[in-house]
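The values are calculated or read from the model by the stated rules, or taken from the named source; none is laboratory data. Worth saying up front: this structure is predicted, and the values here are computed from it rather than measured. Note: ideal-geometry Cβ built from the backbone for every residue, glycine included; neighbour counts use all protein chains shown.
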Amino acid sequence: MTMGFDKHGAQILMALKNDARLSMAELGCRVHLGAPAVAQRVRKLEEAGVIAGYRAVVDMGRLGYAIRAMARVACAEYARMVRLIEQTPEVIQA
């Protein structure tokens, strides 16, 4: 289902895209609507699937994971390698 939206809807989407943590009051100020009207529009956009979710972008460097590496490993003892990877907390994805 596609959902058409007006100027305010487009402004709401752009503002949330830039900062999804905006309060409804701040978002309302930015798009020149009251907080209840903005909250209702955001809820409708969520229900329609236009807003699919919110996320946190994590700075891995600030967590001490400043180095990213990709490695391709070929080994005869695959099961042993899998266990080693599972036991290594620094490995985020394998």
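Each row is one residue, and each column tells you yes or no for (1) surrounded by 11 or more Cβ atoms within 10 Å (Cβ to Cβ); (2) in contact (Cβ under 8 Å) with a residue 60 or more places away in the chain; (3) within 22 Å of the chain's Cα centre (by Cα); (4) within 18 Å of H8 (Cα to Cα).
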site: M24; (1), (2), (3), (4): yes, no, yes, yes
site: R30; (1), (2), (3), (4): yes, no, yes, yes
site: A37; (1), (2), (3), (4): yes, no, no, yes
site: A52; (1), (2), (3), (4): no, no, yes, no
site: V57; (1), (2), (3), (4): no, no, yes, no
site: G64; (1), (2), (3), (4): no, no, yes, no
site: R72; (1), (2), (3), (4): no, no, no, no
site: E86; (1), (2), (3), (4): no, no, no, no
### Task
Look through V42, V91 and report the one residue that is of a type in the set (V, I, T), surrounded by 10 or more Cβ atoms within 10 Å (Cβ to Cβ) and not in a helix (DSSP H, G or I).
V91
### Task
Considering each residue of the stretch 9-65, count those that are small (G, A, S) and at pLDDT below 95, and give that number.
10
## Note on the structure
In the stretch 59-87, residues that are among the acidic types (D, E) and in a loop (DSSP other than H, G, I, E, B) total 2
